[in-house]
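The values are calculated or read from the model by the stated rules, or taken from the named source; none is laboratory data. These figures come from a predicted structure and were not determined experimentally. FYI the Cβ positions are ideal-geometry reconstructions off the backbone, even for glycines, and counts take in every protein chain you see.
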Amino acid sequence: MIYRETGTFITSYIEDRKLFPIPFDKWAMALFMLFMVFVIPFIASDYWLAAHLIPILAYGTAALGLNLLTGMTGQLSLGTAGFMCFGAFFTFNIMLRSPEWMNLPLALMLAGTVTGVIGIIFGLPSIRIKGFYLLVSTLAAQYFALWFFRSYPYFLNYATATVTLPDHHFDLFGIGETFDVDMASFEAKYLLSLGIVTALALFAKNLMRSATGRNFMAVRDMDIAASVIGIPVIRTKMLAFFVSCFYCGVGGALFCYAYLQVLGIRTFEMNRSFEILFMVIIGGLGSIAGSFYGTILVYEFPILFSWAGDYIFKGAFDTAVVDNVAKIMYGILIIALLIREPGGLAALWATAKQKLRTWPFPH
Amino acid sequence: MDTFLALLLEQARKNSDLPALRTKRMGIWDTLTWAQTRDKVSVLAQLLSQQGVGVGTSFGVFGPNHTDMYLAYLAVHSLGGVVIPIDSNTFGEELRRQVQSTDVEHILAFEQQHVDALLECEQTCVKRIFYINRRGMENYAQPELMSLPENLEGIEASTAFLEQMDGQRDSGEIATILLTSGTGRSERPVELSHGALIATARSIAQRETITKKDGLLAYLPLSASSDFLFSYSLTMVTGCAMNCPESDDTVLENMQEIGPTILFGPPYVYKYIYTHASNRIESARTLDTKIYKAALRAVMTVASHRAEGRRGSFVDWLLFMFARITTFSPFCNIYGLSRLRLALTGGDAIAPDVFNFFRAIGIDLRETYGQVEGCACVTMQSSEDWNSDSVGVPLDGTEVRIENGEIWFRGPGQMKGIHKNLEATAESTKDGWVRTHDAGHLDDQGRLHVHGQISRMGKLNGGGAFAPDMLETHLRSSEYIKQAIVIGAGREYPVAIVTVDGTITRTWADRRSLRYTGYADLSAHASVQEMVREYLQKINEFLAENPETASMQLRRFAILNREFMASAGEVTPTRKLRCHEVAEKHRGLIDALYSDALEYTYTDPVDEESYTLPLGNV
Amino acid sequence: MDFDWVFFIEIFVGGLMSGIMYSLVAIGFVLIYKSSGIFNFAQGTMLLFAALTFVKLTEGGVSFWVALPVSMGTMVVFGILVERFMMRPLANQSLLSLFMATVGLAILIEGFSQYMWDSAIHGLQLANFLDLALLDPVNMTIFVVDYVEWLDILISKFDIFATIVAGTMILILAVFFQKTRTGMSLRAVSDDHLAAMAVGIPLSRVWALVWAVTGIIALIAGLLWAERVSVSFTLVEAVLKALPVILIGGLTSIPGAIVGGLIIGVGEKMGEIYLGDLIGVQGIETWFSYFIALVFLLFRPSGLFGLKIIERV
Amino acid sequence: MAAGNPILQIDNITLAFGGVTALNGISFDVAEGEICAVIGPNGAGKSSMLNVISGVYVPQTGRVVFREQDCTRKRPRQIAQLGMARTFQNIALFQGMTVLENILTGRCMKIRSTWIEQGLNIGRARREEVENRRAVEEVIEFLHLQGIRKTPVGKLPYGLQKRVELARALVAEPIMLLQDEPMTGMNLEEKKDMSCFALEINREFGTTIVLIEHDMSVVMDISDHVVVLDYGAKIGDGTPDEIKNNRDVIDAYLGVTH
């Protein structure tokens, strides 16, 4: 009943492509962003920034990347962590080995691009191989990445296991000195990630409502028909891999830089790929916003659960038990969600919204 | 000077940048401001005058509600021509008759289908056919055809031309010739002057303070007098925005987009929304159905209190407000009624339940009474009239009097006369008063109550009075009954032929898991018959209470195998029943109703199928 | 320098053996994929679960011949539960979401098995339970002395044992599919669900059966693997190893699974030894198998034995 | 439209799957601007023929020449770029999208802007979106789809889906339009609409139309030229009247329909 659509009509096609056709949505979104930018940094404690908001943003980027590939273009991938790994290492190396003027955002973009190219290489098989058979290619990427950086310690600057990322990497365009603000502070990192994530999400949104996005979905829904009506299927797939891996790469870099603050190979083991896959599934395949809903749920669920565990049972059970129970619940949650609503949280949200719009009518 | 041209120039001066005409085409609402409208009109007018359109030329406008059609109105009016609006779905003999009876010389057809229809009808005095939409017109070589878009190119917009024309205009000039619906008597072409239309529109506008900020939806067929008054004239007088829907089947959708503040609709429109809504609610048996029902009860109680003129309890009022906010404001949003300030109905009696419903949910619905002879609006309810039995008080400057039971009126809005038919004119006017052929009475507050068409009133053989319109209105109150006709004048007892509303009756039947193949089958279904019978019995009980009406109780009824259709000439473009045609067409059925037959088998001329209708006793 | 043939053959045979191990896991995959088009990701955790159950039982002092059937029974029950609470509600949904469901299942099982039994690492010495003389009359236990020598090629006895077990299992399955009625219906289902239902084959029963059988295979595979790489989460990785195997074989064919297993087994070892030396880096086996699979797939997009689809529009 | 010189030449096409021969040495020409109907009982190889023409299948022997270019081994996309559009027998709409989006995909070959421009939603990309939308709206109006722009195609009844598919083919402004059984599974009303659309498209845009139907009655009165297939072989080729009196055709049809 909040939705007052009467009297909102379009006089041009541009208007019809608005991101938020319903005024209410527009204002809600604007408020939300303002809150995120101007309020959060001041009210949120370092713990909240460091242990909740920043990781969610980093995960979200990677999830969005995977969603572009799997959800939008229908190419199943288990290599996400691998691509994140590439992104993280490249960013580190670019920052490490390039002259003064290099800056984190720029480095991220470069690293993302390189990751994207690698993505294309591992995506090439998708020209011939379809469906589950494609898993083998992405898994190859996953293991190759781990092996590669393990075998060539050069990329880890010959450190053992992990390197701590130097703070000066964060100083964007020397803002740090000039205004003498701590660019390595969590607030700064949070805002940086937020900015990047917002930009990327917006880009993805635009892409999806344009010709490219339609090509993606066409390839997903029925690639043979797509080719007959003249969609360049191969190019589309490759593009999907590039964009997706770009996002994953940036995600990986944020993951290390903004969240963990250390770079290491073990961060990007196989199960990270699954974690992100869940985020996408639970959030809703093919939905940009969904990627973030999923991220939040998947990331917060175990935390909440163990917290609840401690809170309720006052540590009657040891953490291992709680973790296992969490895992069980988690598995059940996934299966239940798939049974109840294959569209994931995004679909749930959409139905709720639809309900609001058609109230008092059942449909 | 009260001419449409004068109004156009004035609006273009005062509100040059405000939206004037909007039409949804190709998915977007393309909008003309008043200034643009003026320029377009000037261009079109120049072309038309070159083509010999001048003072008194009958100019047919044949097509859907569309900006270009109304531009043509203005162009013709600025040249002093007479606009003959023709409903987009007219064709064949019907079309020929209309063109003939108003001797149209020039005609504007919207697109191919209309051109074809025109080319088909022979021996008319049409000299030239203009058309707007060029799609599919490539291979047409007829000399009388002329494509507007090409010929308009190169003509300069010139306000001067219009102003010059304005000098020559006179409010007495005939603006349009509209055909009476011919529900009672045969249809007659009525001449209306600029002055009359503008005066009527103006008095409505002043009374309801309609301004340039308002917006309305022009969706009624062009040929309807109500469209000419409530869309065209009202827009010109007030400078509000007129919006034309994309196509017939998107009207509801477009209504939501535009959210008009002023709406005129014949009763069927409101009935449609009413049934559509309740059908939508019924279609699912869920919690929200219950909530909705409760909310409806809450508002209805308060509404009935108001109707009876007494104040309800505070609790009632609280519930009422709550229901309105939580349930009916979203409801209005969905049907695009949220911004509605003034909802008008007229041209036929509206079913009390429908009327009360809209009043209850907070729509300021008013009944109007009018006739083509009186520019479609003679009296109008005020928002204090909480029930639908009266049609309100006359517009300013208009008088109504009752002469031996018949309603007469006179005022600025009255017609100029019947086109080229002096005796008809004489027959329906007497020393400045216009007769309505309707029976009615004025109450102590000077409100008019209409009883129905005199020609249809009469006495039963028993000697009891007989007012079919009143009965039909009661019948139509049921959401299941869509159309109804009652016969009985000069007969032993009244009988009814009704048609059921397909959509909601289906839902009703499905919930009872009845077996049926189609509409015809459903309408003949025993339990549907039973449902209708029960409803008729209720009406009879109501009639029995009052000695005057006791004799009017319905004895027998039949449910038709299809709805009455415009294409069969049974209803007017505004869905009003053409009683005489219907009575003619279904004579056999009526006779069967007066026999003691229990069923009636006939071949429906519409689809050459044979049907057997059960005839029910109430 | 001249090529060391003996070494080569040793590697080769070793490869074949470990290939068999892969096939064992792969068969489970294929069974489920054949019967319901599901790409069952939970296979690995099923291995873990089965093995863990068994281990725990025996650690609890239950004798081998009791523990084995009991844990088999557990797997059957497990199969039935999965069918009832996962397959049936998820029937006629997109393959992708079915796949996702199995991933969910994987987590569930993992959590469950670690909740039931602890998540510590267990060694498993089959030798402690079976002293099978059948392989070698000379020494009583087969697994103590690790190698038999045969034209001076050393072959791990355990591998031989595993091969025999795997071989027999594959045989049994073959018979089961070709001869028994249920087996037939199972194949029918795999060919066309609707048709199968039309001729009155109870889908749900077949699925339950398949999952049960898969469970049992998982148990045996689990035990054999556990012998090599202790019972722990690494078992789950075994599945990812088996992935290229089934993909080479073509998801739908059991022979394919076996051949694929052998190819990967050998290829991996060869790659590790020779290619690894060539590029002077170790540990390429982690990804090498996937590359082998890729190469095969590029030439036969639906695997060696997988059936080729004609795209209809 | 008067028949001009051949725009499509089918020359001795043979197509086999494994052992099954779907098409056996088929040859025929389609003249520019005509409506050519390929008819034949079910399993006559009609759809295979269309798939060969639009490049989905590669025939074992023979040539397909479209606008003086050998398309036999061209990819479907290349053929589409030559100005061929088609609809499918069992609807091949993109189920995950709305009607509008589906039709918009038909404009994919008109896109010049890069994905980066689109992602940033600037300049060319914006303009193109609007241009394409306009073109789509033309077709929407032409096929009377105004009511359902934002509806997901999955929710539409069969007849409408077919129409949307036709729209998707039309927005590509094809020189030749292939329709694979456009009227099967439709009621008389819809069939009439569909054949009217075919005629109008042919008349107004001068599009050459090749359509497949298995019931003769519908196509006979709209097509200028009829080719009859039976068991992968051509048994008739000529004007509707010639076909009506063609012995083999009658036999073939008596064989199936009665």
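Odds and ends about this structure:
- Considering C:Gly61, C:Gly37, the condition of being at pLDDT below 85, of a type outside the set (S, T, N, Q) and within 29 Å of C:Asn92 (Cα to Cα) is satisfied by C:Gly37 alone.
- Test for D:Ala85: is it buried (at least 23 other Cβ atoms within 10 Å of the Cβ), in contact (Cβ under 8 Å) with a residue 40 or more places away in the chain, farther than 24 Å from A:Leu207 by Cα and within 8 Å of another protein chain (Cβ to nearest Cβ): yes
- For D:Gly40, the criteria (1) within 13 Å of chain A (Cβ to nearest Cβ); (2) more than 22 Å from D:Asn202 (Cα to Cα) hold in every case but one, which is (1).
- Screening the candidates D:Leu170, D:Leu177, D:Leu229 for the property of being more than 14 Å from chain B (Cβ to nearest Cβ), in contact (Cβ under 8 Å) with a residue 24 or more places away in the chain and under 26 Å from D:Gly154 (Cβ atoms) yields one hit, D:Leu177.
- Test: residue in the range C:29-36 that is within 10 Å of chain A (Cβ to nearest Cβ), of a type outside the set (Gly, Ala, Ser), in contact (Cβ under 8 Å) with a residue 60 or more places away in the chain and farther than 14 Å from C:Leu240 by Cα: yes
- Any pair with Cβ under 8 angstrom, 6 or more apart, that starts in the range B:378-406 at a residue that is at positive phi and ends at one that is small (Gly, Ala, Ser) and part of a loop (DSSP other than H, G, I, E, B): B:Gly392/B:Ser382; B:Gly397/B:Gly411
- The range B:254-264 - residue that is in contact with a Ser or Thr (Cβ under 6 Å, 6 or more places away or on another chain) and not in a helix (DSSP H, G or I) and, of those, nearest to B:Gln371 (Cα to Cα): B:Phe264
- Applying the criterion of being under 30 Å from A:Tyr257 (Cβ atoms) and part of a loop (DSSP other than H, G, I, E, B) to the residues of the range A:101-145, the residue that is nearest to the other protein chains (Cβ to nearest Cβ) is A:Asn103.
- Answer residue from the range D:28-61, given it is of a type outside the set (S, T, N, Q) and modelled with pLDDT under 90 and is farthest from D:Asn12 (Cα to Cα) among those: D:Pro41
- Flag if D:Asn51 is touching a residue at least 24 places away in the same chain (Cβ under 8 Å), within 14 Å of chain A (Cβ to nearest Cβ) and outside any strand (DSSP E or B): no
- Residues of the range C:265-293 that turn out to be in contact (Cβ under 8 Å) with a residue 24 or more places away in the chain, aliphatic (A, V, I, L, M) and out of contact with any Asp or Glu (no Cβ under 8 Å at 6 or more places or on another chain), as a count: 4
- Checking each residue in the range B:390-417 for being farther than 17 Å from B:Gly370 by Cβ and touching a helix residue (DSSP H, G or I) at 6+ places or on another chain (Cβ under 8 Å) picks out B:Gly405, B:Gly417.
- Test for B:Tyr600: is it in a strand (DSSP E or B), in contact with a Pro (Cβ under 9 Å, 6 or more places away or on another chain) and surrounded by 15 or more Cβ atoms within 10 Å (Cβ to Cβ): yes
- In the range C:72-81, the count of residues that are in a helix (DSSP H, G or I) and within 23 Å of C:Phe161 (Cβ to Cβ) is one or more.
- Taking the criterion of being touching a Cys at 6+ places or on another chain (Cβ under 9 Å) and of a type in the set (A, V, I, L, M), the residues of the range A:238-278 that qualify are A:Val262, A:Leu263, A:Ile265, A:Ile276.
- Flag if D:Val210 is touching a residue at least 24 places away in the same chain (Cβ under 8 Å), buried (at least 17 other Cβ atoms within 10 Å of the Cβ) and in a helix (DSSP H, G or I): no
- Among all positions in the range D:109-130, there is at least one residue which is within 14 Å of chain B (Cβ to nearest Cβ) and surrounded by 19 or more Cβ atoms within 10 Å (Cβ to Cβ).
- The range D:237-258 residues that are modelled with pLDDT under 85, paired with ones that are exposed (fewer than 13 other Cβ atoms within 10 Å of the Cβ) (beta carbon under 8 Å, 6 or more apart): D:Val256/D:Asn42
- Condition check for B:Asn421: surrounded by fewer than 23 Cβ atoms within 10 Å (Cβ to Cβ) and more than 26 Å from B:Ile198 (Cβ to Cβ): no
- Only helices (runs of 4 or more DSSP H) whose full extent lies in the range A:204-311 are considered here, and the ones with at least 2 residues that are more than 14 Å from every other protein chain (Cβ to nearest Cβ) are A:233-254.
- Per the conditions (1) of a type in the set (Val, Ile, Thr); (2) free of Cβ contacts under 8 Å to residues at least 40 places away in the same chain; (3) under 30 Å from B:Ala467 (Cα atoms), the sole criterion not satisfied by B:Val190 is (2).
- Of all the residues in the range C:100-118, those that are more than 7 Å from chain A (Cβ to nearest Cβ) and either closer than 19 Å to A:Glu341 by Cα or over 21 Å from the mean Cα position of the chain (by Cα) (or both) number 4.
- All positions within the range A:164-183 that are of a type in the set (A, V, I, L, M) and surrounded by fewer than 17 Cβ atoms within 10 Å (Cβ to Cβ): A:Leu172, A:Ile175, A:Val181
Quick grid of which residues meet (1) under 19 Å from the mean Cα position of the chain (by Cα); (2) assigned to a strand (DSSP E or B):
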site	(1), (2)
D:Leu8	yes, yes
D:Ile13	yes, yes
D:Gly25	no, yes
D:Asp29	yes, yes
D:Gly33	yes, no
D:Ala44	yes, no
D:Val58	yes, no
D:Val65	yes, yes
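- Residue count, the range B:456-469 (criterion: in contact (Cβ under 8 Å) with a residue 60 or more places away in the chain and crowded, with 17+ Cβ neighbours inside 10 Å): 7
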